[in-house]
Amino acid sequence: MPISDPVPHLRNLFDKAVEVADPMQSLAKHLPPKPAGRVVVIGAGKASARMAEAVEAEWGPCEGLVITRYGYARPCQGIEIVEAAHPVPDAAGERATARMLELLETLDEDVFVLALISGGASALLTAPIDGVSLAEKQAVNAGLLASGAPIDRMNTVRKHLSRVKGGQLAAAAAPAKMLALMISDVPGDDPAFIGSGPTVAENSNPDEALAILKQWNIDVPDCVTQALKAGSSVIPTDDPRLSHVTNHLYAAPSQSLAAAAELAECEVRMLGDALEGEARDLAAEQAALALSLKGQGPILLLSGGELTVTRRGDGVGGPNAEYCLALAIALQGAEGIYALACDTDGVDGAAEVAGAVVTPDTLAKAKEAGVDPSKALADNDAHSFFAAIKDQVVTGPTLTNVNDFRAILVL
């Protein structure tokens, strides 16, 4: 069947990928019956308030505290929702995290704790180790985000600078029993890296964190280096305080890509749900593949994962928009090739924009609008570029997060 309107078709695929990861659609079947006795619900992440809403839809009003990104709160019956900053933490997140730790430290073995963890929890759960201030932690986070380092490397550093990550949130709740339900936003779906693993044991050490800072040329205050040299309090695998914890991953990028593929109306080639690397480099690689398939379509190329951007300029960008910009440059207006790349949480980088679309007319529209694609790429200014040609994808808060969604349609 011919695809008559490629851009709306690609948007439908993205919307489906988001829909199947919506906690209101997916969480209930992973919940046990509500335990007797006291139940406490905690959580953090961009999907955590929606997860809390889904829990109370099944269990009724619950006691608890959940931290989510500004604009991502949901109405809950008993669970308190606190909004804080992401991707760079702020004082609201620090205060809420302190309250969460105080709550957990009062619990005994008769309490059941449900932890709701999704992408974004690493920034929202903010409790710097002794000797490091919030401002210094913010500087480290900003440096990590600009470095181009993969998410697992960034989260290793974050764990050793925290009193809550790397299993420490779960340890604080001991001896209470805990079930952690997670939505993955990390390549490979390793629970230890979802939100920097607040309920998962950690086997790395502070020396590895120092090595990552050096490898990726991240300048940090001297106090951060000294704090890491003094050690950290992440929880190792054999710590008995984690024996009461069950971690369960219930939603992942692969499920969203599979759901999109079912709507494709053409041949689908899955390029991987855990792709990493520089956004512009993957764009060049996938553009070459798309060009090689011209005349064989319709074919849909789907991929997920988490790309990075090494900040070189002062523009406004994000991995998905930069991928689209580099893809458009590489395709050079090739007929019959359309693409969309968006973050499933609705936020690409620090902008309130999910991503962008690419069409055979992208470069022509840029010329008409007076914007230079090569300069925009050099300045990491992809969001401004796509705003100028009116090809941004703006969703608002999606209330979930299973990482990046990329689709190239070769007609």
Top-ranked residue in region 361-380 [being open to solvent by 70 Å² or more (accessible area, probe 1.4 Å) and outside any helix (DSSP H, G or I); ranked as nearest to residue 327 (Cα to Cα)]: 361
- prompt: Do we find a residue being modelled with pLDDT of 95 or more and in contact with a Phe, Trp or Tyr (Cβ under 9 Å, 6 or more places away or on another chain) anywhere in region 160-174?
  reply: no
- prompt: Would you pick out the residues in region 204-233 that are open to solvent by 30 Å² or more (accessible area, probe 1.4 Å), under 25 Å from residue 173 (Cα atoms) and touching a Ser or Thr at 6+ places or on another chain (Cβ under 7 Å)?
  reply: none
- line: Looking across region 86-123 at residues that are of a type outside the set (A, V, I, L, M, F, W, C) and surrounded by 22 or more Cβ atoms within 10 Å (Cβ to Cβ), the single one that is farthest from the chain's Cα centre (by Cα) is 97
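Could you list all residues from region 234-272 that are in a loop (DSSP other than H, G, I, E, B), open to solvent by 50 Å² or more (accessible area, probe 1.4 Å) and closer than 25 Å to residue 171 by Cα?
236, 237, 238, 243
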- prompt: If residue 167 passes every condition in (1) touching a helix residue (DSSP H, G or I) at 6+ places or on another chain (Cβ under 7 Å); (2) surrounded by fewer than 23 Cβ atoms within 10 Å (Cβ to Cβ); (3) of a type in the set (Gly, Ala, Ser) but one, which one does it miss?
  reply: (2)
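Mind checking which strands (runs of 3 or more DSSP E) fall wholly inside region 5-123 and carry at least 1 residues that are at pLDDT 95 or above and either closer than 19 Å to residue 342 by Cβ or among the aromatic types (Phe, Trp, Tyr) (or both)?
63-69, 112-117
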message: Would you confirm, using the coordinates I've provided, whether residue 157 is in contact with a Leu (Cβ under 8 Å, 6 or more places away or on another chain), assigned to a loop (DSSP other than H, G, I, E, B) and either on the phi < 0 side of the Ramachandran plot or open to solvent by less than 40 Å² (accessible area, probe 1.4 Å) (or both)?
response: no
- prompt: For the subset of region 292-328 comprising residues that are over 24 Å from residue 263 (Cβ atoms) and of a type in the set (S, T, N, Q), which member is surrounded by the fewest Cβ atoms within 10 Å (Cβ to Cβ)?
  reply: 292
- request: Test residue 126 against the criterion of being modelled with pLDDT of 95 or more, among the hydroxyl-bearing types (Ser, Thr, Tyr) and open to solvent by less than 40 Å² (accessible area, probe 1.4 Å), and give yes or no.
  value: yes
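Any residue at all in region 70-84 that's touching a residue at least 24 places away in the same chain (Cβ under 8 Å), under 30 Å from residue 277 (Cβ atoms) and open to solvent by 10 Å² or more (accessible area, probe 1.4 Å)?
Among the residues of region 70-84, at least one is touching a residue at least 24 places away in the same chain (Cβ under 8 Å), under 30 Å from residue 277 (Cβ atoms) and open to solvent by 10 Å² or more (accessible area, probe 1.4 Å), which makes the answer yes.
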- request: Mind telling me which of the residues 283, 287, 341 ends up being of a type in the set (A, V, I, L, M), open to solvent by less than 10 Å² (accessible area, probe 1.4 Å) and touching a Pro at 6+ places or on another chain (Cβ under 9 Å)?
  value: 341
query: For residue 53, all conditions in the list (1) over 24 Å from residue 395 (Cβ atoms); (2) in contact with a Lys or Arg (Cβ under 9 Å, 6 or more places away or on another chain) hold save one; what is the number of the exception?
result: (1)
- request: Kindly indicate whether any position in region 330-340 is over 20 Å from residue 261 (Cβ atoms), in a helix (DSSP H, G or I) and in contact (Cβ under 8 Å) with a residue 12 or more places away in the chain.
  value: yes
Hits in region 273-312 (condition: touching a Leu at 6+ places or on another chain (Cβ under 8 Å) and part of a strand (DSSP E or B)): 275, 278, 299, 300, 301, 302, 303, 304, 305
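The values are calculated or read from the model by the stated rules, or taken from the named source; none is laboratory data. Computed from a predicted structure; not experimentally measured. A quick note on method: Cβ atoms are made from the backbone with ideal geometry, for glycine too, and the neighbour counts reach across all protein chains shown. The accessibility values were calculated without ligands, DNA or RNA, using every heavy atom of the protein model including side chains. Shrake-Rupley method; radii C 1.70, N 1.55, O 1.52, S 1.80 Å.
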